[in-house]
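The next block holds one structure in the form of structure tokens; read it before the comments.
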Amino acid sequence: MNAIHAELPSNAPSSPTSKELAPSTREAAAPRSKTALWAGRVLSALAVLFMLMDASMKLLQLPVAVEGTTVLGYPASVVFPLGVIQLVCLIAYLVPRTAVLGAILWVGYLGGAVATHVRLGNPLFSHILFPLYVAAFLWIGLALRDDRVKALFQPR
């Protein structure tokens, strides 16, 4: 026994735990309402459907996808690999255990789209910010469906 514990009388309270020393930094999350759950599903579905359409067009190397990619300054040879990346991100987002990872990967991919549109001087609201709208749908939809994700966005 160390000297500190040897000096305490046997009826003295034990040392406080870390939970007793600091108040909880995260309030208990309120139960999720059915409305919030369905709103999350709808927002997620809109983003997923858009990204699925975009990935499919790239994987099939449809002329509109090839032309759109080359107009943005990328070679046609990157269309299929971009579709594969999108499909991997989409699968990660759709699997509940990896949904947060999928959302993070999507934000990285969509950030590249923002940078591309900024580089080309495209219009702000219709081109530059559009990937941010999709990312917001992904994250808000996920937060409305998953209380653990919602807790990440609550003030501490």
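Please find, among V114, V134, the residue that is touching a helix residue (DSSP H, G or I) at 6+ places or on another chain (Cβ under 7 Å), surrounded by 14 or more Cβ atoms within 10 Å (Cβ to Cβ), closer than 16 Å to R41 by Cα and of a type outside the set (G, A, S). Give the derivation first.
Values: V114 fails: closer than 16 Å to R41 by Cα.
Sole residue among the options that is touching a helix residue (DSSP H, G or I) at 6+ places or on another chain (Cβ under 7 Å), surrounded by 14 or more Cβ atoms within 10 Å (Cβ to Cβ), closer than 16 Å to R41 by Cα and of a type outside the set (G, A, S): V134.
Return yes when T116 is of a type in the set (S, T, N, Q), assigned to a helix (DSSP H, G or I) and either farther than 25 Å from V71 by Cα or within 14 Å of the chain's Cα centre (by Cα) (or both) and no when it is not.
Judged against the criteria, T116 is not a match.
Can you confirm whether L46 is more than 17 Å from A135 (Cα to Cα) and touching a Gly at 6+ places or on another chain (Cβ under 9 Å)? No, not satisfied. Here is the figure for segment 119-130: residues that are part of a helix (DSSP H, G or I) and under 16 Å from G73 (Cα atoms) total 4.
In segment 92-107 there is no residue matching the filter, namely being loosely packed, with under 14 Cβ neighbours inside 10 Å, within 22 Å of V79 (Cβ to Cβ) and of a type in the set (A, V, I, L, M, F, W, C).
Laboratory data are not the source of any read-out in this text; all were calculated from the coordinates shown. It should be emphasised that the depicted structure is a prediction, and the values quoted were computed from it without experimental measurement. Positions of Cβ are backbone-derived with ideal geometry, glycine not excepted, and every protein chain shown enters the neighbour counts.
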